[in-house]
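Before any comments, here is the structure.
Every number in this text was worked out from the coordinates using simple rules, so none of it is lab data. This one's a predicted model, so the numbers in the text were calculated from it and none came from an experiment. All Cβ positions, glycine included, derive from the backbone under ideal geometry; neighbour counts span all protein chains shown.
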Amino acid sequence: MTELPKHPSAKRLGLVIDLDTCVGCQACVVHCKEWNTSSTASPLADTDPYGQEPSGAWLNRVHGFEVEDADTGGCGRTVHFPRSCLHCENAACVTVCPTGASYKRAEDGIVLVDEAKCIGCGLCAWACPYGAREMDGVAKVMKKCTLCIDRIYNEHLPVEEREPACVRTCPAKARHFGDLGDPDSAVSTLVAERAGVALMPELGYAPTNRYLPPRQRPAGTAADATPATGPRAALEPAPGGFLGWLDRVLTD
Amino acid sequence: MTAEADTQPRIADEILKTTCYMCACRCGIRVHMLDGRIRYIDGNPDHPVNRGVLCAKGSAGIMHHLSPARLTKPLKRVGERGAGEFQEIEWDEAMALATDWLAEIRKTDPRKLAFFTGRDQSQGLTGFWASQFGTCNYAAHGGFCSVNMAAGGLYSIGGSFWEFGEPDFEHARYFLLFGVAEDHDSNPLKLGLAELKKRGAKIVSVNPIRTGYSAIADEWIGIRPGTDGLFVMSLLHELLNAGKIDLDYLGRWTNAASLVIDAPNDPDDGLIARDGEGRPLVGTRNGVVPTGPNVKPAFKGRFTLADGRSAVPVLELLARRYTGPDYAPDAVAETCGIPAATIRRIAAELAAAAFDEPVVIDQPWTDVHGVRHEQMIGRPVAMHAMRGISAHSNGFHTCRAIHLLQMLLGTIDTPGGFRFKTPFPRPIPPGPQPAGRPDQIAAGMPMAGPPLGFPRGPEDLILEDDGSPRRIDKAFSWDAPLALHGMMHSVIGNAFRGDPYEVDVLFMYMANMAWNSAMNSTETAAMLTAKKPDGSYVIPKFIYSDAFYAETVAYADLILPDTTYLERHDCISLLDRPIGSADAVADSIRQPVVQPDRDVRPFQDVLIDLGARLGLPAFIDDDGAPRFPGGYPDYMVNHERKPGVGPLAGWRGKDGERHGVGPVNPDQLNRYIANGCFFSHPIPEEARYFKHVNAAYLAFAKEMGLIEAPNPIILQLYSEPLQRFRLAARGHGKTQPPDDKRGRIATYFDPLPIWYPPFDEAAAAAAAFPLHAVTQRPMFMYHSWGGHNPWLRQILSRNALYMHHATAAALGIQEGDRVAITSRHGRVVGRAKLMAGVHPSTVWTWNAIGKRRGSWGLEGNIPEAEEGFLLNPLIDDLLPARDGGYRYANADPVTGQAAWYDLRVKVEKLPEDHRENPPPGIRRQPNATKPPKVVAYAVKAGR
């Protein structure tokens, strides 16, 4: 089995994903695929691409859910949930790996797969509680989010473009990248301000990525809730109606 | 030891910039070329449209470019229409054939050509070509897209939603979004929503379905389809009754105070009273005077005109209508499916957002009267609406109602409100007028004007001398007087029925009219294959151009294969649909970043070549030789519509020193390419708001060639062009509707917005067809040709019929059940999926997922063909007979907009083993390579 870094640095690179803003447009999903099919050791292959069951390896997918609880102000909510590797501190996908192919970088916490060592046994995908790994149907090796490691340090790119492809392309600006190990980083500040959450922390894998929950809705916004009271509930008809109002305004 | 990940790979040998065309949004892209192949396409960070972001469609461009569905060579039909039996031919033969067919009819009756294009962005060229050919039978796809929004806006505020205006995302505090709007301007809107979210603005979505942008709204108002207009009028009711309107804005910048002549039997009844110089008259304490900067007008009362007749201010007429009990929240709640309390609350929130905290920008500006304002003060309420409003037969008036709401709140082009994007605003209505009248068309001659334009009244309609429709689609006839974008959805049906006449050549580009772009797709296919008793086809010749083996290809006689967007020049022109923003004049181009590996040609090159072969005057020089031997790029640079005005506005003049208007610059395309394939010229700071009445803006717009004269553009609460049509219906003027159409014109050309139940809904018995059925396309396919893209179809390759849990329960339907969906017109079968975020009155599905077996380079047994379905077969292209047996198009009576969303259906559970034959397949593309079983695309340095 494979060991996690004995002396991890404080640096923990990861994503902060804003569920309040994600419209589920799939831009990050396809942009990730487009970038990474030429990035990982073998392409992100698609089998039966023009046939009955098109199926490929993706490093990021977006799922939609409906939430109808009271917190949504009565008009319910559709939540889009982007899912990719969370780069856990206690990455079970690493410790379960029989060959050392799955590993976590000491210097920044990124979890990667060394395809040369991957035997395609799939244990890591079983171990990952977040469903964040996908077997490549052609190369028969495991594929996963690399945080675009070939972008974020790449000196061929201008400094401002050294961020993951999904973050760079997100039209709704719902994705953020940075060092979550640094409490003063922009992403850590965002998490603090918006009460960002880790996914299923009770499992103990200590994921690095954070999700920003949908904003609380103002009371009384519901389509079917008891109407709010006060000036925002309804306008007061002007005495004498519109024409009466007009008279007063114009004589003032 | 674990291999070190390579963090420093080389990405590109060369980064080529161009403009995306995976949908209609025209984002700037960078194509990263490595070893001669496409490594990566991303958004151009410098581009004004998308500022570096790119959507799912754009990111799948590589797979689009490599699609096995790409056509490879010109094709001539050899089997029966629809069978997909073709012979590959050389371009010489294809061009000769097309030229023969077209030359023959140009010589005799140019209207026998019906030339209609789909989602192309070269209408500056295609419309001009049609006019040069001499046919009025031309339009693009706007008539079945969103012409209601264009017409509603252009006849009210001189601009429109669409991509021609945008919410002031930087300053808005309240955003009201109506209906499906994921169609146009998608990346800009998503960027804007992010901006609103960041600032904590409230986002309210009025939409029967809670997906897409509605998902992130702070409040979702699940409205019943087709009732948005009534909802908005109820908001007007609340605001007017409470006196929550911006009277100062209305008095200065709209026709609120203009006096409307009240003389029921007179030919100018209901028009604005004017003085001898054409200035609108207003009432004051000192009587009736022309409007002017120092006049304090009355907004109510009855005034006596100089000729003794009386007149009433627009605002009083407006208030009388909407303050009445018909529009009270309690009166409309049930029809709209929205609680009255919600309507009252939204009105209160709008008023609070607009009037409690105005947005103030410390930027002096000077209005058209020469009055200097020290600040720009605005109402931070923004709105946006698109297809959801448009695709109903009451969409024009609904759109106008939304613009009225904006005007009453004082939010048109003020900080925090709706902002015009260049080249708008334009005069209301803008020019020119459509051509095609009998005196404007002659055999062998260009037509005297453009086929599409903006009627000011009945005299501008395109009619036969007997008043009957003159265009094949009946646009600009009494059936659809303001059909500004034509009615592509009526062309095949009308040509088949010979109503108003038969055509000889149907010529279409990039529009899947035999499938998901036709209202009655099953019948449309039958019309294309129908024969006369003598064995000839009813529609004799069909030329089609497309880059892909779409369903429609199988029905054409001659196929002119187009390139993909990465292999061509294009021009996103101020003469058509530029990429202007609220802060800049802008246009853009495409440049080829790779060369075609097939025997295909850009359609625009082909059209220019055809123009020269046909001897169309603008396409040949004095010796009869081709005027643009270099094809489209040659035309983009050297064509001048009038002196100094060409397809591209940037870097004109010999040295590229002139912008907007200027002589031809032979080096113009290189200047565009050096600048990332776009041109953007900032609007001066003092000219960025109140553009319709901002002296600096109007002068700037005149100088740039956007408007003819720097005259104020007074917003039209009350629409005189509409009233002119109504007067004609009442028996006034030279051009009057036939008797059987008078009632319809009189009703629907109301100068103030009205609401009426959508026609097809009214036609379908409510008890028999109790549910609304609407469609939308997923954001990763909207406006794209990407349904067959192997990356995008992995996200969605089977559509379902979505319905509310309660609706399903009442029908005994469970998740995944097979269901029949039946309208008054047809029946399709699909599977049900249940959800909460849909109005219980409504079912819906993703459009254009369903595909025909054999099409699009896909294999036969694909889920798109086996499980996918369209609602198109359920939608009649005609309404049931009325007014003496006549069948009008299933469309808006003002604009001819296809009323897709008026559909009513019933849904029934079917046994699981029930099978209904899907439409028969078509033969696969000739000589197509078999689609690969694996795609494993990678381009790496050092290969």
Practice problem: Would you work out if the stretch A:13-212 is rounded, prolate or oblate? Take a ≥ b ≥ c from the square roots of the eigenvalues of the alpha-carbon gyration tensor; rounded if a/c is under 1.5, else prolate when a/b is larger than b/c, oblate otherwise. | Solution: rounded
Self-check item: Prolate/oblate/rounded call for chain B, Cα gyration tensor, a/c under 1.5 rounded
Solution: rounded
Quiz prompt | For chain B, share of DSSP beta bridges that run antiparallel, in % to the nearest 5 | solution = 65 percent
Quiz item: Once you put a point 7 Å from the Cα of B:Val664 and another 7 Å from the Cα of B:Asn265, both along the Cβ direction, what distance in nm separates them?
Solution: 6.2 nm
Self-check item: A:Gln216 versus B:Lys930: modelled label distance in nm, points set 7 Å from Cα along the beta carbon direction
Solution: 6.2 nm
Quiz item: If we count other beta carbons within 10 Å of each Cβ, what is the order of B:Val31, A:Val30, fewest first?
Solution: B:Val31, A:Val30
Quiz item: Expressed as a whole number of Å, what is the distance separating the alpha-carbon centroids of the stretch B:541-560 and the stretch B:874-943?
Solution: 17 Å
Quiz prompt | Antiparallel DSSP beta bridges within the protein assembly as shown, as percent of all bridges there, nearest 5 | solution = 70 percent
Exercise. Starting from the Cα-Cα distance between B:Glu916 and B:Glu685, subtract it from 0.36 nm times their residue separation and give me the gain in nm to one decimal.
Key: 76.9 nm
Exercise. Apply 1/(1 + (r/R0)^6) to the Cβ-Cβ distance of B:Arg274 and A:Glu3, taking R0 = 60 Å, and write down the FRET efficiency to the nearest 0.05.
Key: 0.10
Exercise. Specify the angular offset, from 0 to 90 degrees and rounded to the nearest 10, of the alpha carbon long axis of helix A:241-251 from the longest principal axis of the alpha carbons in chain A.
Key: 80 degrees
Quiz item: Of the residues A:Leu203, A:Leu86, A:Leu44, which exhibits the maximal mean-square fluctuation in a Gaussian network model of chain A defined by a 10 Å Cα contact cut-off?
Solution: A:Leu203
Exercise. Would you mind calculating the relative contact order of chain B from Cα pairs under 8 angstrom and at least 6 residues apart, reporting the percent as a whole number?
Key: 18 percent
Quiz item: Where does the charge balance sit around A:Arg215 when Lys and Arg score +1, Asp and Glu -1, over other residues with C-beta under 9 Å from its C-beta?
Solution: +1
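Rounded to the nearest 0.05, what FRET efficiency is calculated for B:Ala941 and A:Leu190 with R0 set to 22 Å and r the Cβ-Cβ distance? List each step's numbers first, then the result.
On the way: r = 35 Å, r/R0 = 1.58.
With a Förster radius of 22 Å, E is 0.05.
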Quiz item: In nanometres, what is the gap between the two model label sites at B:Ala442 and A:His156, each 7 Å from Cα along Cα-to-Cβ?
Solution: 6.4 nm
Quiz item: When a footprinting reagent is the concern and you count Cβ atoms within 10 Å, what order do B:Leu871, B:Leu698 take, fewest first?
Solution: B:Leu698, B:Leu871
Exercise. Calculate the length of the line joining the C-alpha centroid of the stretch B:175-227 to that of the stretch B:64-105, in whole Å.
Key: 43 Å
Quiz item: Roughly speaking, what is the stretch gain from B:Arg887 to B:Glu85, that is 0.36 nm per residue apart minus the C-alpha to C-alpha distance, in nm to one decimal?
Solution: 285.2 nm
Quiz prompt | Stretchable slack from B:Glu640 to B:Thr735, in nm (0.36 nm times residue separation minus alpha-carbon distance) | solution = 30.7 nm
Quiz prompt | Relative contact order (%) - the stretch A:13-212, alpha-carbon pairs under 8 angstrom, separation at least six | solution = 29 percent
Exercise. Pairs of Cα atoms under 8 Å, at least six residues apart: use those to get the relative contact order of the stretch B:195-266, whole percent.
Key: 18 percent
Quiz item: Under 14 Å from the 7 Å Cα→Cβ point of B:Asp356, by amide nitrogen: which residues of the stretch B:198-214?
Solution: B:201-202
Practice problem: Just the number, please: percent antiparallel of the DSSP beta bridges in the stretch B:729-835, rounded to the nearest 5. | Solution: 55 percent
Quiz item: Of the listed peptides B:842-851, A:208-217, what is their order by residue-averaged count of other C-beta atoms within 10 Å, with the highest listed first?
Solution: B:842-851, A:208-217
Self-check item: Spatial separation of Cα centroids for the stretch B:260-314 and the stretch B:693-743, in angstrom
Solution: 18 Å
Quiz prompt | Two-site FRET efficiency, B:Ile673 against B:Ser310, from Cβ-Cβ distance with R₀ of 60 Å, rounded to 0.05 | solution = 0.45
Quiz item: So what is the 222 nm mean residue ellipticity for chain B from helices alone, if each DSSP H run of at least 4 adds -39500 (n - 2.57) and you divide by all residues, rounding to the nearest 500 deg cm²/dmol?
Solution: -7000 deg cm²/dmol
Exercise. Taking the Cα centre of chain B as origin, work out the dipole magnitude from +1 charges on Lys and Arg Cβ and -1 charges on Asp and Glu Cβ, in debye rounded to 20.
Key: 1060 debye
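Hey, got a sec? Which GluC sites (Glu not before Pro) in the stretch A:1-106 land in a DSSP loop and have at most 16 other Cβ atoms within 10 Å?
Numbers: sites: A:Glu3, A:Glu34, A:Glu66, A:Glu68, A:Glu89; in loops: A:Glu3, A:Glu68, A:Glu89.
Sites meeting the loop and neighbour criteria: A:Glu3, A:Glu68.
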Quiz item: In degrees, nearest 10, range 0 to 90: what is the angle between the Cα axis of helix A:27-36 and the longest Cα principal axis of chain A?
Solution: 20 degrees
Quiz item: Tell me, B:Arg285, B:Arg882 in order of fewest to most beta-carbon neighbours within 10 Å?
Solution: B:Arg285, B:Arg882
Quiz item: Is the stretch B:762-909 best put as rounded, prolate or oblate by its Cα gyration tensor, with a ≥ b ≥ c the root eigenvalues, rounded for a/c under 1.5, and otherwise prolate when a/b is larger than b/c, oblate when not?
Solution: oblate
Practice problem: Could you tally the net charge around B:Pro225, taking each other residue with its Cβ under 10 Å from the Cβ of B:Pro225, Lys/Arg +1 and Asp/Glu -1? | Solution: -1
